[in-house]
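Quick note: the coordinates plus some simple rules give every number you see, no bench work behind them. Since this is a predicted model, take the numbers as computed values, not measurements. Every residue, glycine as well, gets a Cβ built from its backbone with ideal geometry; the counts of neighbours run over all protein chains shown.
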Amino acid sequence: MNKGPNCWQCQHFGISYDVKLPYLCRLMGFKTKLLPAIEVLRADGQYCQGFFAKVAQPVKTAASQNNGQVDHDV
């Protein structure tokens, strides 16, 4: 059974500063109380077609941020 797209893994998903509407979809331009994919499913009867997976960013370590030099003054 397909559960549909996960907004938390979508590039278009965001958090708004509106307490009453905390989630947003940048692609479709709306804020919502529930996850946007749920609202799309409720309104359209289909899973969100705009899902685009986030690209994993490389993990930055302290050594890589200091050009390989480790700060020993801690």
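Give a quick list of chymotrypsin sites (Phe, Trp or Tyr not before Pro) in region 1-63 that DSSP marks as loop, anything other than H, G, I, E or B, with at most 11 other Cβ atoms within 10 Å.
Values: sites: Trp8, Phe13, Tyr17, Tyr23, Phe30, Tyr47, Phe51, Phe52; in loops: Tyr17, Tyr47, Phe51, Phe52.
Here the sparse-neighbourhood loop sites are Tyr17.
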If you plug each phi of region 35-42 into the Karplus form 6.51 cos²θ - 1.76 cosθ + 1.60 with θ = phi - 60°, what whole-Hz ³J(HN,Hα) values come out, in order, with x for Gly and Pro?
4, x, 4, 5, 5, 5, 4, 5
